[in-house]
Amino acid sequence: MTEKEKAPGTPNLVCKKCQQELVMGKVTVSYLGAKFPIELLKCPSCGLIYVPESLATGKMEQVEQSLEDK
Amino acid sequence: MDRQRVRDRENQCIQEQPPTCTAACPIHVDARGMIECIRKQDFSAAFAIYNRFVPFPRIISRICDHPCEAECLRHDLGGAIRINALERACVDYSTKKAACATFSTKKSTRIAVVGSGLSGLTAAYDLITKGYRVVLFEAGAQLAGHLRELGEELLPQQLIDEDLATLESLPVEVRLHTRVGGYAHTGLSLSAVIEEFDAVYLGVGTADAACFEQELKLQDDGKRIVIEPLTFATSHPKVFAGGSHRYGATRFSPITSIHDGRYAVLSIERFLQKASLSANRDQQGPFKTKLFTNTKGIEPAATVPMAKPPQGYSQEEAIGEAERCIHCECLECVKVCEYLAHYKSYPKRYIRELYNNYCIVLGVHPSNRLMNSCALCGLCTTVCPEKLSMGGFCLETRQAMVEKGKMPPSVHAFALRDLAFSTGEQFTMARHQPGHQSSRYIFFPGCQLSASSPGQVFDIYQHLQQSMAGGVGLMLGCCGAPAEWSGRKELFGETLAAVQKQWEELGSPQVITACSSCYRMFKDHAGAMPVESLWTVLDRVGLPPSAAPASSTLVAIHDACTTRHDDDIQESVRHLLGKLGVAVSELKDNRSLTTCCGYGGLMAFANPEVAGKVVQRRIHDGEADYLTYCAMCRDNFAAQGKRTFHLLDLICGGSNGDAARKGPGYSQRHENRARLKSRMLRDLWGENVVDQADPIQLIISPEVAEVMEKRMVLAEDIRKVIAHAEATGEKMEDTATGRLLASYRPVAVTYWVEYSVRETGFEIHNVYSHRMEVSSI
């Protein structure tokens with residue numbers, strides 16, 4: 001994973017514990033039994049994941065709502 | 001959910017019942033729909049509606065005896081709508097009048113229709129369009145002989161011919177000059193016809209029927225066939241009869257003739273299918289509709305005159321007359337409820353929708369929001385002519401969805417968390433009055449008043465102790481309303497049981513509630529607990545001596561929806577204001593017609609948009625400052641900029657007397673409850689309670705506080721995130737801003753906090769949350 005793959009506007013984040021820069025990596029988001037693989041910034045060392053505000057209050061919320069209505 | 005019960009509820013909604021004109025019409029012409037099209041200047045669409053009911057529109061529009069007009073609700077408001085004249089206008093001004101008759105696959109069944117008056121022609125028309133083979137017998141030289149005698153001025157021959165052309169374009173066999181009857185000189189006997197055909201319809205007009213005496217039972221006069229008025233059956237199972245022969249020689253009712261032909265065909269079909277002739281025919285012909293139409297406020301408007309009566313209405317005149325139509329419908333509940341109006345339909349449809357939503361096993365439940373957005377305030381039932389409880393149905397479906405495990409978890413999560421706080425250690429307490437071993441009364445201020453105005457709860461409790469003998473104990477807690485409203489029957493039961501247990505331990509005293517919702521919950525669900533409202537109590541025992549003279553001289557009372565039918569409480573509130581010297585202006589929709597403030601039924605959590613509309617509508621009902629006696633009403637109105645007092649603001653005065661003040665945010669509400677408990681224990685019971693200083697000091701700007709409210713993130717959530725991040729080091733730094741970012745998931749929600757460490761505490765820059773769980777693969 002390189003810098004270039006980050007979407008524009010993505011902050012430069014450093015894991016305070018590992019002192020490593022977060023890079024795009026595969027993670028799983030799940031809710032009410034449904035699982036989705038997506039790419040998010042995470043610490044290459046300890047795996048600490050960053051969920052951006054725009055994702056939490058945007059797409060994630062939409063998916064949560066539609067899963068709740070299932 | 002019981003299917004039949006759902007159906008009964010659906011049927012309680014009368015919105016789809018026909019208007020009086022349609023119900024009075026023997027063939028139920030949709031006059032309202034037709035007139036609506038004329039109002040929109042679409043005569044062709046109006047004609048299409050008319051023609052759907054009336055097979056011979058040119059004829060009927062000229063000669064209909066229009067029983068509809070006598071029942072029109074405009075009757076006393078300027079005169080009945082001239083429906084028949086408007087029908088003629090449809091015929092005259094429609095640009096599309098092509099015969100729209102279609103017929104389905106031909107059946108082998110052959111039916112004889114005897115007589116080509118209106119009933120016979122209608123029977124023939126209906127039978128052909130249903131696919132039967134029809135032979136039409138006419139004694140005379142041409143069809144519709146009787147109609148042709150009405151005169152050119154009343155009914156031009158050309159119109160008769162045009163209407164008959166529609167019939168003749170269909171595969172019908174017409175036998176003119178063929179009299180059916182038992183006399184030798186006329187050829188064909190009825191017996192022969194019965195023999196040849198599968199069924200027979202007789203529409204022989206007012207002619208003497210003695211010629212049928214061999215085949216059919218006649219009335220005592222020996223001239224008229226005995227006809228069963230509902231089914232048009234005669235004494236011969238294959239023979240049906242109707243028209244003017246049935247309904248009398250003294251009057252000619254063209255629309256009744258059409259009715260007879262049409263419903264005789266229904267019987268013929270049932271006879272051929274060997275089905276019951278008489279079942280389910282209670283709304284056949286004219287009937288009294290159940291539809292309620294409120295004519296209050298409708299201004300009288302005179303009938304539009306015709307400039308040239310022989311030519312009927314001009315287009316403009318017809319449109320003007322159509323505009324007078326009241327467009328009868330009920331919608332009493334929809335008119336007063338923003339929630340019901342928001343979804344653009346009415347309870348009958350909503351009930352069906354909610355039931356279908358409940359029945360879905362796999363797939364998306366599209367109506368969850370509809371189900372959860374109702375305030376359960378009961379206004380719909382109050383105004384409904386049939387007393388249908390849409391709110392009650394919403395609640396039942398919520399309970400059923402919870403039971404099925406299909407209630408969306410996030411909708412009520414925050415409210416239920418609030419309930420958990422209010423039933424937890426930090427707020428609940430139950431004590432006898434200091435220095436007493438027993439309680440004759442117990443004061444239950446409720447969780448929301450304690451959160452909004454803890455100081456007033458403290459003050460009024462002291463007043464109650466001083467003015468009531470026998471001991472006034474105190475119970476802090478929650479009545480369980482949020483559990484009930486969210487459909488959590490079990491949780492509600494547990495919450496109420498806990499309250500009742502405490503109450504029993506205090507010796508089952510008389511309960512005094514300050515909150516209308518607590519009052520309602522206890523009254524409806526805790527029958528053993530005698531409950532009285534604080535307002536009736538204060539009306540009786542008097543106000544505190546310190547009761548401040550009002551800072552506002554005139555208020556408009558917003559009654560609480562949960563006590564909309566409790567006249568005594570409403571009366572006491574008005575008395576108390578009188579004692580305070582406050583002038584009252586009544587809102588138009590007060591007392592039993594009051595609205596919800598947007599909190600009821602947890603509507604604001606399920607649908608902030610609708611809750612916002614509810615508040616906006618209500619706060620514009622009156623100019624004066626509002627006065628409420630429910631803390632949530634006050635805070636919700638004030639939040640939208642309406643100056644609103646709580647009754648205790650005027651009774652206790654003090655800093656809370658400001659009608660414009662905004663209520664505390666969610667975090668502060670928790671804190672206020674906890675502090676109220678500490679203060680009560682410390683100041684009244686003399687216990688050594690030390691308010692624990694918050695270990696993590698937060699620095700929160702008003703902007704961030706607003707974000708917290710909107711996203712329903714509490715200060716305690718933020719503290720948990722920071723505590724976790726600082727203890728474990730699980731945090732990240734934005735190298736551009738130097739700010740820290742951390743998250744924590746206490747139970748079902750992950751909270752994110754963006755913060756900086758300052759000398760005096762933690763400065764919060766942003767908060768957000770999500771319910772999805774995120775994990776590294």
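Structure above, values below:
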{"read-out": "The stretch B:110-272: C-alpha gyration tensor shape, a/c 1.5 cut-off, then a/b vs b/c", "value": "rounded"}
{"read-out": "Per residue, the convex hull volume that the Cα atoms of the stretch B:384-485 enclose (Å³)", "value": "172 Å³"}
{"read-out": "Cut-off under 5 Å, modelled amide H: who pairs with B:Val174 long-range", "value": "B:Leu136"}
{"read-out": "Extension gain from B:Ala249 to B:His327, taking 0.36 nm per residue of separation minus the Cα-Cα distance", "value": "24.5 nm"}
{"read-out": "Local net charge near B:Glu754, Cβ-Cβ under 11 Å (Lys/Arg +1, Asp/Glu -1)", "value": "-2"}
{"read-out": "Partner chain coverage, peptide A:52-59 - average Cβ within 10 angstrom", "value": "4"}
{"read-out": "Other-chain or far-sequence residues with amide H under 5 Å of B:Ser585's (modelled H)", "value": "B:Val555, B:Ala556, B:Ile557"}
{"read-out": "Share antiparallel - DSSP beta bridges, chain B, percent rounded to 5", "value": "35 percent"}
{"read-out": "Charge dipole (debye, nearest 20) of chain B; +1 at Cβ of Lys and Arg, -1 at Cβ of Asp and Glu", "value": "820 debye"}
{"read-out": "Highest average packing first - B:480-491, B:602-613, Cβ atoms within 10 Å", "value": "B:480-491, B:602-613"}
{"read-out": "Entries of A:Lys35/B:Lys404; B:Lys344/B:Lys523; A:Lys59/B:Lys404 with Cα pairs more than 29 Å apart", "value": "B:Lys344/B:Lys523"}
{"read-out": "Cα-based convex hull volume of chain B per residue, rounded to whole Å³", "value": "239 Å³"}
{"read-out": "Gyration tensor verdict on the stretch B:18-98 (Cα atoms; rounded if a/c is under 1.5, prolate if a/b is larger than b/c, oblate otherwise)", "value": "prolate"}
{"read-out": "Over the protein assembly as shown, equivalent-ellipsoid semi-axes from the Cα gyration tensor in Å", "value": "72, 35, 25"}
{"read-out": "Other-chain or far-sequence residues with amide H under 5 Å of A:Met24's (modelled H)", "value": "A:Lys42"}
{"read-out": "Peptides ranked, highest mean first, by Cβ atoms within 10 Å: ranges B:680-691, B:41-52", "value": "B:41-52, B:680-691"}
{"read-out": "Rough spin-label spacing in nm, given labels placed 7 Å along Cα→Cβ, for B:Arg617 and B:Trp685", "value": "4.5 nm"}
{"read-out": "The stretch B:439-484: C-alpha gyration tensor shape, a/c 1.5 cut-off, then a/b vs b/c", "value": "oblate"}
{"read-out": "Anchor B:Lys238: aspartates and glutamates whose Cα lies under 19 Å away (excluding residues fewer than 8 positions away in-chain)", "value": "B:Asp126, B:Glu195, B:Glu196, B:Asp198, B:Glu213, B:Glu215, B:Glu228, B:Asp260, B:Glu269"}
{"read-out": "Nearby lysines by direct alpha-carbon distance to B:Lys642 (threshold 25 angstrom, same-chain neighbours under 8 apart not counted)", "value": "B:Lys335, B:Lys579, B:Lys588, B:Lys613, B:Lys662, B:Lys710"}
{"read-out": "Per-peptide average of other Cβ atoms within 10 Å, ordering B:408-415, B:20-27, B:763-770 highest first", "value": "B:20-27, B:763-770, B:408-415"}
{"read-out": "Two-decimal ratio, the stretch B:274-338, of alpha-carbon radius of gyration to 2.2 N^0.38 Å", "value": "1.77"}
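Values quoted throughout were computed directly from the atomic coordinates according to the rules given, and no laboratory measurement underlies them. Treat the numbers as computed from the prediction; the structure is a model and nothing was measured. Ideal geometry is used to build each Cβ from the backbone, glycine not excepted, and the neighbour counts take in all protein chains shown.
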